[in-house]
1. For Ile39 and Asp214, FRET efficiency with R0 = 35 Å and r from the beta-carbon atoms, rounded to 0.05?
2. Springs between alpha-carbon atoms under 10 Å, Gaussian network over the chain: tell me which of Leu177, Leu76, Leu21 tops the mean-square fluctuations.
3. For Leu53 and Glu114, calculate 0.36 nm times their separation in residues minus their Cα-Cα distance, and state this gained length in nm to one decimal.
4. Quick one: accessible area per residue over the range 1-104, 1.4 Å probe, rounded to a whole number of Å²?
5. Helix 90-114: angle to the longest alpha-carbon principal axis of the chain, degrees 0 to 90, nearest 10?
6. Which of Leu134, Val100, Val11 sits farthest toward the positive end of the charge dipole of the chain, with +1 on the Cβ of Lys and Arg and -1 on the Cβ of Asp and Glu?
7. Using mean Cβ contacts within 10 Å as the protection proxy, how do 141-154, 104-117, 49-62 order, highest first?
8. For the chain, with only Lys/Arg (+1) and Asp/Glu (-1) charged at the beta-carbon, what is the dipole magnitude about the Cα centre, in debye rounded to 20?
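The values are calculated or read from the model by the stated rules, or taken from the named source; none is laboratory data. Every value quoted in this text rests on a predicted model; they were computed, and no experiment measured them. Don't worry about glycine lacking a Cβ; one is built from the backbone with ideal geometry, like all the others, and counts go over all protein chains shown. Protein only, heavy atoms only, side chains kept; ligands, DNA and RNA dropped before computing areas. Shrake-Rupley method; radii C 1.70, N 1.55, O 1.52, S 1.80 Å.
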Amino acid sequence: MNFLRHFLNDVAHLSAWLLVLSLIFIPLERLWALHPQKIFRPAVWNDLKYYVLNSLVGHLLLIVPLAVAAWVLHALVPATLRELASGLPYGQRLPIGIVVGEFGCYWAHRWSHEVPFLWRFHSVHHSAEEIDWLVSSRAHPLDIVFNRLCGFIPLYVFGLAQPTQNMADPVVIAVVLIGTLWGFFVHANLRWRFGPLEWLVATPAFHHWHHTNDEHYNHNYSTMLPWMDMIFGTYHMPRKQWPPCYGINETLPEGVGNQLLYPLLPHHAPASAAGKPGEA
């Protein structure tokens, strides 16, 4: 009975969030659309299924790897390092946590493009040939787990979050919430440009170039902080251009169930780590 109540509560929360996000982004994408496209584009139903699936099971899949990571870090990382930032007030830990977490997510995202096995899972997200805010939800659950785990570990190493004391650490909650909301924004079908601010925070223009399917692929891995890409040499941001096309060279199977199994199939041709994702 408790399980059912929790499940219905989760469904109510994700439905409310979907309504709020729809009320924000659908009008914005009608008024300032970059590309003319329908609200109910052909792939929108699959993306809605991914939204529900990842909202309901994403945190459950993270419980075990996070617990293992916390135990390992507690055993291997010196206490002085783990407590480096633990005494800072929340108002200081949060901005530092965003930067440190972004560093971990940047490399997780980059590895997901460069390591063939990881690309198998990440290619589900990049299969979108039309981009709008809901495409942020199109992701293999194991891809999300890997990305978030890589983002959480640096937080734990430097004491910015305390997993052994409280699994629902407020810094972790805030970093995940801000990153998730920003993910919807940077995928939005919006033609907005922000001038010099685009050097500081990621925008739709910045992230759309990450989804391009031309010679400028494999750039702009950051979710929120584009200067992370500047530091590591993966920044691409033309002043007046937008990507000519989106998607990947691979053809993924139809349906969420088939796409979830796709990365695990032995006959799946791996991506080339030295070339464009999807090229064998």
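1. Numbers: r = 27 Å, r/R0 = 0.76.
With R0 = 35 Å, the Cβ-Cβ based efficiency is 0.85.
2. Leu76
3. Details: separation 61, 0.36 × 61 = 21.96 nm, distance 2.63 nm.
Gain on extension, Leu53 to Glu114, equals 19.3 nm.
4. Working: 6690 Å² over 104 residues.
Here the per-residue accessible area is 64 Å².
5. Approximately 50 degrees, to the nearest 10.
6. Val11
7. Details: 141-154: 21.6, 104-117: 19.2, 49-62: 16.7.
Answer by packing, highest mean first, reads 141-154, 104-117, 49-62.
8. On the way: 16 positive and 18 negative charges, 79 e Å.
Its charge dipole is roughly 380 debye.
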